[in-house]
Amino acid sequence: MKKICLCAALLLSPQAFSEPLVQWWDVNVTALYGQDYDLAPSDKQTTFTLETAGGWKYGDWFVFQDFINFNGHNGGKDNTTYGEISTRFSAGKILGKPVGFGPVTDLSLTLTFEEGEGPVETLLYGVGMDLKLPYFTYFQLNTYRRDAQNSANLSDGWQLTPVFRMDIPVGNSKIVFDGFIDWVFAADEDGYKENIHINPQIKYDLGATLFGEAKKDKLLVGIEYDYWQNKYGVDGVDQNTYSVIAQYHF
């Protein structure tokens, strides 16, 4: 009990009160269209994604919600949803001093909740690292323990997730290369196969080209590549597809 009180006293110091709770934030909507999707009522999909990301006094957050429509489906459900809620508690921010070594600039306690239709609810918890690497705007590496919240969900195990971004200047605009890789390994259940999901996007800052500096980082267009070996842990189901995308930041 004394340890808990001591931590609370440190977090509620006058210096902590003087800092803003939210340091920065972003909200965007993305429209995607692609085909050749596996394990869906239709191989063609249109997806609208709402995302928000930001930094707060003790860490950062990332939340997204997909609204997926199965174009030209042959019977069955014609739409579904899927989303994730993530936050990380930064050791550097909480302690008020740099925490790192070598290329590692910070360590975090990281939490994610996966939710959607069907038995997909999963709690992920683990350790995150921020790394300073050449050419990358940011690079994060999160290691999770997966804890399924439904008996029909067999995805218990371990997951490694790099998240990255590169900004490449092109004239008065730029190309943004960002994305993630989810590698689920050491699965607990024999019926759930280890899988790797690679999902990068290449986007051009069209807003800066059309409207100048005032619309920089507002309107981006490009393509998303989606490779998922053993999709949903199903042995031999390897998804390999592209989507065209348009993204607007508010």
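The values are calculated or read from the model by the stated rules, or taken from the named source; none is laboratory data. Keep in mind it's a predicted model, so treat the numbers as computed, not measured. Heads up, the Cβs are rebuilt from the backbone with ideal geometry, glycines too, and the neighbour counts pull from every protein chain shown. Calculation scope for accessible area: heavy atoms of the full protein, side chains included, ligands and nucleic acids excluded. Shrake-Rupley method; radii C 1.70, N 1.55, O 1.52, S 1.80 Å.
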Under the Karplus relation with 6.51, -1.76 and 1.60 and θ = phi - 60°, whole-Hz ³J(HN,Hα) for region 165-170, x at Gly and Pro, equal 7, 10, 10, 10, x, 9
Residue by residue through region 212-217, which ³J(HN,Hα) values in whole Hz follow from phi under the Karplus form 6.51 cos²θ - 1.76 cosθ + 1.60 (θ = phi - 60°), with glycine and proline marked x? x, 4, 4, 10, 5, 6
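How much length is gained if the chain between V104 and A246 is pulled fully straight, taking 0.36 nm per residue apart and subtracting their Cα-Cα distance, in nm to one decimal? Present the calculation step by step, with values, prior to reporting the outcome.
Working: separation 142, 0.36 × 142 = 51.12 nm, distance 3.29 nm.
In short, 47.8 nm is gained.
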For the chain, calculate the relative contact order in percent as a whole number, restricting contacts to Cα pairs under 8 Å that are 6 or more residues apart. 13 percent
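Kindly provide the chymotrypsin sites (Phe, Trp or Tyr not before Pro) of region 110-140 that DSSP labels as loop, not H, G, I, E or B, and whose Cβ sees at most 14 other Cβ atoms within 10 Å.
Those that pass, being in a loop and sparsely packed, are Y135.
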Leaving ligands, DNA and RNA out of it, report the carbon-plus-sulfur percent of the accessible area of the chain at a 1.4 Å probe. 64 percent
Residue-ordered couplings for region 194-209, obtained by feeding phi - 60° into the Karplus form 6.51 cos²θ - 1.76 cosθ + 1.60 and rounding to whole Hz (Gly and Pro as x), are 4, 8, 10, 10, 10, 9, x, 10, 10, 10, 9, 7, 6, x, 5, 5
Enumerate by residue number the GluC sites (Glu not before Pro) in region 155-250 meeting two conditions: DSSP loop (anything except H, G, I, E, B), and at most 13 other Cβ atoms within 10 Å of the site's Cβ. E189
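At 1.4 Å probe radius, can you tell me the per residue accessible area of the chain in Å²?
Details: 14050 Å² over 250 residues.
Per-residue accessible area for the chain comes out at 56 Å².
Set the bar at 22 Å for Cα to Cα. Now go through K97/K132; K174/K215; K93/K203; K44/K231; K77/K231 and name every pair that lies beyond it.
Numbers: K97/K132 17 Å; K174/K215 12 Å; K93/K203 31 Å; K44/K231 16 Å; K77/K231 20 Å.
Going by Cα-Cα distance, K93/K203 fall outside the 22 Å limit.
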Given 16 as the ceiling on other Cβ atoms within 10 Å, longest exposed-site-free region of the chain for trypsin sites (Lys or Arg not before Pro) in DSSP loops: 133-215
